1. Using the structure shown, decide if ALA313 is without any contact (Cβ under 8 Å) to a residue 40 or more places away in the chain and small (Gly, Ala, Ser).
2. Could you look through the stretch 198-226, keep only residues that are among the aliphatic types (A, V, I, L, M) and farther than 15 Å from GLN145 by Cα, and pick out the one that is least open to solvent (accessible area, probe 1.4 Å)?
3. Can you name the residue in the stretch 107-136 that is over 20 Å from ILE181 (Cα atoms) and of a type in the set (Ser, Thr, Tyr) and, of all such residues, is modelled with the lowest pLDDT?
4. So for the stretch 9-24 (the condition being in a helix (DSSP H, G or I), closer than 24 Å to SER153 by Cβ and charged (D, E, K, R)), does at least one residue qualify?
5. Run down GLY97, GLY86, GLY38 and say which single residue is crowded, with 18+ Cβ neighbours inside 10 Å, in a loop (DSSP other than H, G, I, E, B) and either modelled with pLDDT under 95 or not polar (S, T, N, Q) (or both).
6. Out of all the residues in the stretch 44-72, which are touching an Asp or Glu at 6+ places or on another chain (Cβ under 7 Å) and surrounded by fewer than 19 Cβ atoms within 10 Å (Cβ to Cβ)?
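The values are calculated or read from the model by the stated rules, or taken from the named source; none is laboratory data. Computed from a prediction, not measured in an experiment: that's the story for all the values here. In this analysis, Cβ positions are derived from the backbone assuming ideal geometry, glycine residues included, and neighbour counts consider all displayed protein chains. For accessibility, only protein heavy atoms count, side chains too; no ligands or nucleic acids. Shrake-Rupley method; radii C 1.70, N 1.55, O 1.52, S 1.80 Å.
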Amino acid sequence: MRIGVIGTGSIVFAFIESARLVEGVSFEAVYSRRQETGDKFASANRIEKVYTDIDLLLQDSSLDTIYVASPNSLHFAHAKAALNAGKHVLLEKPFSGNVERAEELIALSKEKGLFLFETICNIHMPHMEYIKRRIQELGQLRLIQCNYSQYSSRYDALLAGETPNVFNPEFSGGALADLNIYNIHFTVYLFGVPKEIHYFANLHTNGIDTSGILILDYGKFKATLSAAKDSASYNVGQIQGETGHITIPNGVASIESVTLVSEGTKKEVVEQDKPRLYYQVEVFKAMVDNHDFALRDKFLDHSLNVVKVAKTALKQVGLDFEY
C-alpha cells in the first residue's frame, strides 16, 4: 500500500508513525499548498516527494491510496477527487457533515470498485470486539456515559478574537466534529442509530460549538456523550447495566484498557499492546488485500449512520455544515 498524504496537521504525524508499523505500508508523497511547509513535513516524516499541485499528486501512478487529512470542510472535495483518480481513500474523521455528500462518496467508491474508509481508530481496536462479546453480561442496559474533553491549544486565540480553523464554522470545526465524533462512533457502532437525538451546546459568538452534551435515546437505555474544547476533564467511557458495568479509563477515543465488572466476573481488565492508530490501518490493508468489499460496505454503512447522527445534532444548534 503506497500512500500519498493530503494534509500536514499534527494528526498526520501520529497516523504515519502508527501506520508504518503495519507490514507493507509506505508513505511516498505529500501535498501541501506551500512548498516550505511540504518540505518540512516530508523531511520530518521521511517522505520523498512533495506536491503543491493536488492534481499532480493524484496523477502519480506510484500511489494506490490517498490519506485525506485536510480541514473538515475539504474532506468531500479531496476524497471525491482521489476516487475519481482511481485511488483508494483513507478519509480522516469526520467522514462528512452532510448526508447527501457522504452518500455520494459511498456511491462513487462502489461505482469505481475502490476502497473508501473512514480513519476512526476506536471502532477497529480489539477492545471493541471484546466489549461486543461481553456486553450481554451487563444485563438490561440503562446508561452509557462518554466524556472526551481537552482544552484546545487554539482556544486562547479564539478568545483573543482570532478564528482558528478548528473553531471556524466555515471549516466545519467545533467540539462535536473534532472530539464528540469519537463518542458517537463508539456508541453507534455498538448500538446503532438511536430513536431520538438531542444536542445541547455552548456556542461561541461566531456560532461554533466549543463544548456540548449529546443525548441519545435508545428506548430502554440512554447515552450521554460529552465533549469540550473550552475546558478539560478526566475522560471516561462507561456502559451500565442492571447486572454489571464496563469502564474505559481515559475515554473511548483510544480505549487503552477496559474493565468489566459483572455478577459472573468479579473484575477483569484487558489492555492493548499497539498504538491506538495502528489497528485501523491493519484492518484497511487486510480489507484491500483480500478484496473484501462486503467489509468495506459494512464500515461505510456505519460511517453514514454516524454522519446522520452528527448532522441531526449540529443542525439543532444552528450548525449546518455542507462539506
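1. Considered against the rule, which asks whether it is without any contact (Cβ under 8 Å) to a residue 40 or more places away in the chain and small (Gly, Ala, Ser), ALA313 comes out as no.
2. Across the stretch 198-226, the extreme among qualifying residues is ILE208.
3. So the residue we want is TYR130.
4. Yes.
5. Numbers: GLY86 fails: crowded, with 18+ Cβ neighbours inside 10 Å; GLY38 fails: in a loop (DSSP other than H, G, I, E, B).
None of the others qualify; the one that does is GLY97.
6. Scanning the stretch 44-72 gives GLU48, LYS49, SER62.
Conditions (1) within 25 Å of GLU92 (Cβ to Cβ); (2) part of a strand (DSSP E or B); (3) in contact (Cβ under 8 Å) with a residue 60 or more places away in the chain, marked per residue:
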position: LEU260; (1), (2), (3): no, yes, yes
position: LYS266; (1), (2), (3): no, no, no
position: ARG296; (1), (2), (3): yes, no, yes
position: HIS302; (1), (2), (3): yes, no, yes
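Conditions (1) touching a Ser or Thr at 6+ places or on another chain (Cβ under 6 Å); (2) hydrophobic (A, V, I, L, M, F, W, C), marked per residue:
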position: ALA223; (1), (2): yes, yes
position: VAL258; (1), (2): no, yes
position: LYS267; (1), (2): no, no
position: VAL270; (1), (2): no, yes
position: TYR279; (1), (2): no, no
position: LYS285; (1), (2): no, no
position: ASP289; (1), (2): no, no
position: ASP320; (1), (2): no, no
